[in-house]
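Note sheet for the following structure.
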Amino acid sequence: MAALELRNIRVVAVHGVLPEERERAQPFDFDLTVAFDMAPSARSDELNDTLDYALVLQTAVDVVLGPPCNLLEHLAHKIGDAVLRIDTRVTAVEVALRKTRPPVAHDLASAGVRLTVSR
């Protein structure tokens, strides 16, 4: 499998169940692994034969900045689904999404989910 990797994307947005999460934006970090056939672009060295990673990034960021979600897994699925729809050559999207300031009573660097959305 060939994949495009976008790592350590950070977006400040409003998502969560608790009232404090709905009142104040917080940072979300995420990684994307986008599976698609790279053989054409690997052979041709032509931009038209590959996936536009700037478009992938903007699509994912737009989802995170969009309407609030209660659950991380729902938000991760929405990101994956949106990226999957960008180009028919995309066969799967893995999303690793982390909330870096989770509202818990202990010192925790992040809480997150990882899921794959595929055709």
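The values are calculated or read from the model by the stated rules, or taken from the named source; none is laboratory data. This structure is a prediction, so every number in the text was calculated from the model and none was measured. When we count neighbours, we look across all protein chains shown, and the Cβ atoms used for this are built from the backbone with ideal geometry, even at glycine. Areas reflect the complete protein model, heavy atoms only, side chains present, ligands, DNA and RNA absent. Shrake-Rupley method; radii C 1.70, N 1.55, O 1.52, S 1.80 Å.
Residues of region 29-58 that are β-branched (Val, Ile, Thr) and open to solvent by less than 30 Å² (accessible area, probe 1.4 Å): 33, 34, 56. Among helices (runs of 4 or more DSSP H) entirely within region 17-104, having at least 1 residues that are more than 17 Å from residue 116 (Cβ to Cβ) and touching a residue at least 60 places away in the same chain (Cβ under 8 Å) singles out 19-23. Suppose the filter is open to solvent by 80 Å² or more (accessible area, probe 1.4 Å) and in contact with a Leu (Cβ under 8 Å, 6 or more places away or on another chain); does residue 119 pass it? Answer is yes for this residue. In summary, residue 98 fulfils each of the numbered conditions (1) open to solvent by 60 Å² or more (accessible area, probe 1.4 Å); (2) of a type in the set (Lys, Arg); (3) in contact with a Phe, Trp or Tyr (Cβ under 7 Å, 6 or more places away or on another chain) with the single exception of condition (1). Say whether the condition of being among the aromatic types (Phe, Trp, Tyr) and either touching a Gly at 6+ places or on another chain (Cβ under 8 Å) or open to solvent by 20 Å² or more (accessible area, probe 1.4 Å) (or both) is met by at least one residue in region 13-28. Looking through region 13-28, none of the residues is among the aromatic types (Phe, Trp, Tyr) and either touching a Gly at 6+ places or on another chain (Cβ under 8 Å) or open to solvent by 20 Å² or more (accessible area, probe 1.4 Å) (or both). Look at (1) under 16 Å from residue 117 (Cα atoms); (2) open to solvent by 90 Å² or more (accessible area, probe 1.4 Å); (3) in contact with a Leu (Cβ under 8 Å, 6 or more places away or on another chain) and you find that residue 1 fails only one, number (3).
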